[in-house]
Amino acid sequence: MLAAERRARILSRAQQDGAVSITSLVTDLGVSHVTVRRDLDSLVAEQVLDKVRGGAVLRSESAAGTEAAFTGTIGVVVPTSYYYRYVVEGVNDVLAAGGDMRLAISEYDLDEEYRLIDELVASGVAGLLWVPTVSERQAPPGFLEKLESLSVPVVFVERELPGGGLGTVSSVRTAHERGALSAVRHLTSLGHRRILMVSRGSSQSSEFVRLGWRDALERLGIAEGSGILGPAELGAGPRWERGGADVVMDAVERTGATALFCHGDENSLFGLLQNARSRGISVPQQLSIVAYDDDVSAHADPPIAAVAPDRRRVGALAARRLIDLVSDPSAEPPLQLHVEPRLILRGSTAAPA
């Protein structure tokens, strides 16, 4: 990749997210830290970026003296899931110019989240980024009243207001439905017509993935031959229950499925692969697998194709939206931003035998 192309991509990312980190650019561009620093130096010299510790931020109007940079503190309430580590890193990217963050961790317990939010607001945070434990379909009793009672702006992260996302709260989330569609479309392009989805989660994100799955089956005309194993069959806890891999592989053999689309605990993929091998089922020759999330999929044998949400970008966009609301509370109407995930193809899919 030529230097001019790299710098154009860096600037485009900064314009989208407001900030870029050296670490993420090294990964995204596939170049060394030295090369990234050199590119950032050039963009700083062109007066389009300002350097900060660990990266750079988009040069804003504040550089011309017309608007002060955000220097306040925001509260962030996220679940314990490893998934949100990268969301928090995206928030940090945006706050690198001078803002601060107070992080609170929940256990997917809405009452606990209420308590944490009250503590953060009492401590003086200017706004809140929140991953509320709510379903996609209906708000729990008292939830809307709690939102209305808050004295600071709120942006939901990887969630929408229940009931279709309508209301008075901005949100930024992964377009999970599109991620599911991309996975199913890839498998059908290879010739698969009997696809089994494994989806244990009970979160709103899980609901969106399953919604995308069902829509994909209808669009692609394979609903009759495909099915889903959900929390009822596999449990909804943070880890697979003992025997979960047997439940899945028994269903594969019973239904004649030639492909799996797995959403939930990514580490369970290793158990599925071992179970398949013990039954003499080879991946991908006899069974193709696509995972949702991409933390460990590349390290399986064979490496597993995966839908990869851009969690860092979700966090960055949510932080920028919140800062806009803090600076101008009338910045309405609420925005519902969806970030497209990527499908990363590896050696776990092939045409059915």
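Laboratory data are not the source of any read-out in this text; all were calculated from the coordinates shown. Quick caveat: nothing in here was measured; it's all calculated off a predicted structure. Note that we place each Cβ from the backbone using ideal geometry, even for glycine, and neighbour counts take in every protein chain shown.
Structure notes:
- GNM remark for the chain: springs join alpha carbons under 10 Å apart, and the peak mean-square fluctuation among 208, 270, 261 falls on 270.
- DSSP beta bridges fully contained in the chain are about 20 percent antiparallel.
- When only the Cβ of Lys, Arg, Asp and Glu is charged (+1, +1, -1, -1), the dipole of the chain relative to its Cα centre reaches about 1160 debye.
- About its Cα centre, segment 3-64 has a charge dipole of approximately 160 debye under the convention of +1 per Lys or Arg Cβ and -1 per Asp or Glu Cβ, with nothing else charged.
- GNM result for the chain, Cα springs below 10 Å: residue of 29, 128, 211 fluctuating most strongly: 29
- Of 107, 136, 46, the residue with the greatest mean-square motion in the GNM of the chain, using alpha carbon springs below 10 Å, is 46.
- If only the Cβ of Lys and Arg carry +1 and only the Cβ of Asp and Glu carry -1, the dipole of segment 176-309 around its Cα centre is close to 300 debye.
- Volume per residue of the C-alpha convex hull in segment 162-313, rounded to whole Å³: 118 Å³
- Each helix, a run of at least 4 DSSP H residues, gives -39500 (n - 2.57); summed and divided by the residues of the chain, these come to -12500 deg cm²/dmol at 222 nm.
- For 37, 178, 219, the sequence from fewest to most other C-beta atoms within 10 Å is 219, 37, 178.
- Taking every C-alpha pair closer than 8 Å and separated by at least 6 residues, the mean separation divided by the residue count of the chain gives a relative contact order of 18 percent.
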